[in-house]
Ligand SMILES: [Zn+2]
């Protein structure tokens, strides 16, 4: 059902003074849309602002969350999420490690392999990103 707005009718709008969505009285119309309204609470007259839709607010929040998680990707804690630290293999130059593998280093502690380049590993530790060798016999 579509409510036909008319001058003198009530409408929910964002009040610029009350900073809330409140009942307003329509003072002027442009076509089928209210153009100017008066707040029933503060009696302030202002241009009509449609109440912000909750759906739009939700989309904005989701986008912000996605950005935040991408920024944290270099933190060890984020990388270890969902990994079983108890299965971390002890680091040794003689062992071979794979991409995404959790290892335990005698000096740096728990780390995660971010990149494998033949005999070199890029490993993220709490202390920072280190390059280690592996697969040496
Ligand atoms: Zn108001």
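Derivation of every value follows stated rules applied to the coordinates shown; laboratory data play no part. The model shown is predicted, which means the values in this text are computed figures rather than measured ones. As a convention, Cβ positions derive from the backbone with ideal geometry for all residues, glycine included, and neighbour counts pool all protein chains shown.
According to the Cα-based calculation, Rg over Rh for the range 76-133 is 0.91, with Rh computed by the Kirkwood formula.
How much length is gained if the chain between residue 84 and residue 7 is pulled fully straight, taking 0.36 nm per residue apart and subtracting their Cα-Cα distance, in nm to one decimal? Value of the extension gain: 21.2 nm. Modelled this way, with points 7 Å down the Cα-to-C-beta line, the labels at residue 45 and residue 122 are 6.4 nm from one another. Binning the C-alpha pair distances of the range 1-44 at 10 Å intervals from 0 yields a P(r) profile of 32, 53, 14, 0 %, listed from the shortest bin outward.
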